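Read through the structure below, which is laid out as structure tokens, and then see the notes.
The values are calculated or read from the model by the stated rules, or taken from the named source; none is laboratory data. It should be emphasised that the depicted structure is a prediction, and the values quoted were computed from it without experimental measurement. Note: ideal-geometry Cβ built from the backbone for every residue, glycine included; neighbour counts use all protein chains shown. When the accessible area is computed, the model is the full protein with side chains, heavy atoms only, and any ligands, DNA or RNA have been set aside. Shrake-Rupley method; radii C 1.70, N 1.55, O 1.52, S 1.80 Å.
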Amino acid sequence: MTADSEKDIKYLKAIGRVCALALKKMMKEAKPGMTTAELDNIGSEFLKKEGATSAPQAMYQFPGATCISISPVIAHGIPNDHVLSEGELINIDVSAEMDGYFSDTGASMVVAKHIPEYEKILEATRSALNKAVHAAVARQPLNIIGKTIQQEAKQNGFNVIYELTGHGIGRHLHEEPSAVHNFFKQDERRILNEGLVLAIEPFLTTGKGRVVEKKDHWSLQTTDKTMAAQFEHTIIVTKNEPIILTLA
């Protein structure tokens with residue numbers, strides 16, 4: 001989607017803020033002894049209260065309002081009766097629709113504990129997201145995003161996950177460009193246009209950077225069962241600084 005009116009920007013900011021606040025609330029409430037289904041319910045109730053609809057449920061009949069992944073699962077984890085434990089590395093992804101507009105955000109965290117090796121990958125992934133978001137400037141090549149993420153991962157001793165990508169968003173959860181790669185794709189020739197709405201989501205790992213789908217047909221875990229982290233923002237591309245829609 002290209003946001004080309006004040007109405008577009010207003011409504012995108014509104015749903016972006018709802019997603020950001022839902023994610024913030026879930027991260028704050030994630031505690032040992034809670035099931036991921038209970039954590040998902042917190043997000044679900046918040047979205048409903050704000051007048052938003054879970055995007056994965058509405059569009060893909062996903063079995064939860066949000067995705068909650070327990071390492072080494074890094075994406076599309078199904079909320080269930082898994083009880084959170086202190087020191088677990090988890091990822092929460094919140095995407096929703098309101099008034100015909102979509103937004104998507106996510107973050108990884110450690111439950112109730114500071115573990116240096118986890119904190120290192122979390123910080124590197126946050127940094128990769130921040131740098132990629134600010135590299136996404138109108139008239140720049142689309143692959144500047146992947147190049148920036150891959151460079152930041154390498155500098156910190158990590159790899160990117162190659163199969164998992166960001167995407168266009170706005171009027172639907174997934175739009176063109178259908179894949180915003182987290183690595184430098186040399187044959188990617190597209191240029192970022194002003195007003196383009198993107199979900200940028202670096203995935204970093206200590207392993208080979210490949211994932212496999214589990215038997216539930218949703219959850220994606222690293223093939224070598226190594227840890228991974230993800231952070232995500234939805235943005236509007238401009239000629240200067242991006243409009244970051246998913247800030248709490």
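Tell me the residue from GLY51, GLY64, GLY33, GLY77 that is without any contact (Cβ under 8 Å) to a residue 40 or more places away in the chain, small (Gly, Ala, Ser) and in a loop (DSSP other than H, G, I, E, B), please. None of the others qualify; the one that does is GLY64. Screening HIS167, HIS172 for residues that are modelled with pLDDT of 95 or more, under 14 Å from ASP104 (Cα atoms) and part of a strand (DSSP E or B) leaves exactly one candidate, HIS167. Before we move on, is ILE161 touching a Phe, Trp or Tyr at 6+ places or on another chain (Cβ under 7 Å), under 20 Å from VAL73 (Cα atoms) and of a type outside the set (Asp, Glu)? Taking the combined requirement at face value, the residue satisfies it. Annotation: of all residues in segment 179-199 being outside any loop (DSSP other than H, G, I, E, B) and in contact with a Ser or Thr (Cβ under 8 Å, 6 or more places away or on another chain), the one that is surrounded by the fewest Cβ atoms within 10 Å (Cβ to Cβ) is ALA179. Within segment 175-197, the set of residues being under 15 Å from GLU232 (Cα atoms) and free of Cβ contacts under 8 Å to residues at least 24 places away in the same chain comprises ALA179 only. Screening the candidates THR66, THR36, THR53 for the property of being more than 30 Å from GLU194 (Cβ to Cβ) and in contact with an Asp or Glu (Cβ under 7 Å, 6 or more places away or on another chain) yields one hit, THR66. Taking segment 1-43 as the range and being open to solvent by 60 Å² or more (accessible area, probe 1.4 Å), under 21 Å from ILE78 (Cα atoms) and of a type outside the set (D, E, K, R) as the test, the residues that pass are PRO32, ASN41.
Which one of these is open to solvent by less than 30 Å² (accessible area, probe 1.4 Å), out of contact with any strand residue (DSSP E or B) (no Cβ under 9 Å at 6 or more places or on another chain) and touching a residue at least 12 places away in the same chain (Cβ under 8 Å): THR234, THR246, THR238, THR222? Selected residue: THR238, the only one of THR234, THR246, THR238, THR222 that is open to solvent by less than 30 Å² (accessible area, probe 1.4 Å), out of contact with any strand residue (DSSP E or B) (no Cβ under 9 Å at 6 or more places or on another chain) and touching a residue at least 12 places away in the same chain (Cβ under 8 Å).
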